[in-house]
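Below is one structure, written out as structure tokens; the observations come after it.
The values are calculated or read from the model by the stated rules, or taken from the named source; none is laboratory data. Fair warning: this is a prediction, and the values are worked out from it, not measured in the lab. All Cβ positions, glycine included, derive from the backbone under ideal geometry; neighbour counts span all protein chains shown. Side chains included, ligands, DNA and RNA excluded: accessible areas come from the protein's heavy atoms. Shrake-Rupley method; radii C 1.70, N 1.55, O 1.52, S 1.80 Å.
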Amino acid sequence: MRDRIKNLLDKIEQVNIENAEQAEQFRLEFLSKKGELNNLFADFKNVLNEDKKEIGALINQLKEKGQAKYENLKEAFASNNAEEENKDDYTKPGYPYQLGALHPLMITRQSIISIFERIGFTVASGPEIEDDWHNFSALNFPENHPARDMQDTFFINEKFALRTHTSSVQVRLMENGKPPFRSLMPGRVYRNEAISARAHCFFHQVEGLYIDKNVSFADMKQTLLYFSKEMFGEQTKIRLRPSYFPFTEPSAEMDVSCFICNAKGCNVCKYSGWVEIMGCGMVDPAVLQNCGIDANQYSGFAFGMGIERIAMLKYRVNDLRLFSENDVRFLKQFQAADE
Ligand code: PHE
């Protein structure tokens, strides 16, 4: 009996198996009901009682070895087969690709631009590192204006700073071209502010400039009303409140009727029915002159809004930081939003 077991063990260890058929052969020969192992078990009853413990253990070991070998072979041939099968099967469905989504700020920027493009505005761009002239002086900021203060502006050196608004692009546009101008200036701007849910050291703006003969405040109102209705819905109303910017006179802040509660009052509009979305005004004649445009012949208006602010209102995002943290769980939610 011991010899039979030893023989079988050698056979199992030495047998050379190269494909699934041979593996099946191996199973039939050793492991099946009529296989050698079962024969051993059948003969076990004839083993002397005092040897049963030892022989029983040997047979069990043999059985485990045989089964382990067969399982390994089976797996190896099965995965080979799967690869073989997959290789040239062009009828199998493709691997699903994860579709990306536009960033919510990009979606918002694009909707703002396309609304103004429909009434003839073009897009202009300029550098993010600006000199004092384009960011401040040409825009009529007095020498000691607080906006030039270290608190608001990231200065690079005596001459250069990161632009604090895209109005600098308006200056470049006017300096380098001839009126009429009808352009938008989208872009990233920088301000030296502590980062919180409502403020960041950089954000994005879309500013606009319209310069021609006989442009009036009424033209500005109508343009901005058109924009607001397109952006927030046909029922939207606008309201202009007097304000101050060095480069516009008169200047105003523009509110739109709250599109979340239909101006009935909610926590977004702080129960006022209005939400502020942009600054605007008639370009100060001094700015036109600074840029080489005859202020006696030409007039115009300018406006500027924060893209984050609009996106936060539109998508009800309550923390500005989400826009720049690249958390895919946040960004994924806008998959359906890009039209
Ligand atoms: N440049 C202003 C800002 O950054 C916005 C603005 C642009 C206001 C044009 C009036 C006219 O806040």
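Residues in region 83-123 that are assigned to a helix (DSSP H, G or I), under 30 Å from MET231 (Cβ atoms) and not acidic (Asp, Glu): 13 in all. Among residues that are more than 14 Å from the ligand (Cβ to nearest atom) and under 30 Å from PHE154 (Cα atoms), ARG191 is not included.
Put simply, of ARG188, ARG198 the only residue that is within 21 Å of SER125 (Cα to Cα) and of a type in the set (Lys, Arg) is ARG188.
A count restricted to region 174-204 and to residues that are within 19 Å of MET220 (Cα to Cα) and among the hydrophobic types (A, V, I, L, M, F, W, C) stands at 4.
Selection of first residues in region 158-172 that are assigned to a helix (DSSP H, G or I) and of second residues that are among the β-branched types (Val, Ile, Thr), restricted to Cβ pairs under 8 Å at least 6 apart or on distinct chains, gives the following pairs, ordered by first then second residue: VAL171/VAL287. For residues in region 259-310 being touching a Phe, Trp or Tyr at 6+ places or on another chain (Cβ under 6 Å) and at pLDDT below 95, which is most open to solvent (accessible area, probe 1.4 Å)? Taking the candidates together, the pick is PHE259. In region 276-314, what residues are under 28 Å from the mean Cα position of the chain (by Cα) and away from the ligand (no atom under 16 Å from the Cβ)? If the condition is that a residue be under 28 Å from the mean Cα position of the chain (by Cα) and away from the ligand (no atom under 16 Å from the Cβ), then ALA311, MET312, LEU313, LYS314 are the ones that fit.
Being within 12 Å of the ligand (Cβ to nearest atom), open to solvent by 10 Å² or more (accessible area, probe 1.4 Å) and modelled with pLDDT of 95 or more is a property that holds for LEU240.
Mind listing whichever residues of region 114-135 are of a type in the set (A, V, I, L, M) and surrounded by 17 or more Cβ atoms within 10 Å (Cβ to Cβ)? Once the filter is applied, which keeps residues that are of a type in the set (A, V, I, L, M) and surrounded by 17 or more Cβ atoms within 10 Å (Cβ to Cβ), region 114-135 yields ILE115, ALA124. Of the conditions (1) part of a loop (DSSP other than H, G, I, E, B); (2) open to solvent by less than 80 Å² (accessible area, probe 1.4 Å); (3) of a type in the set (Lys, Arg), LYS229 satisfies every one except a single condition; which number is it? Only one criterion in (1) part of a loop (DSSP other than H, G, I, E, B); (2) open to solvent by less than 80 Å² (accessible area, probe 1.4 Å); (3) of a type in the set (Lys, Arg) is unmet by LYS229, namely (1). Remark: pairs (first residue in region 201-229, without any contact (Cβ under 8 Å) to a residue 12 or more places away in the chain and more than 23 Å from ILE293 (Cα to Cα); second residue among the acidic types (Asp, Glu) and within 14 Å of the ligand (Cβ to nearest atom); Cβ separation under 7 Å; 6+ apart in sequence or on different chains) are absent.
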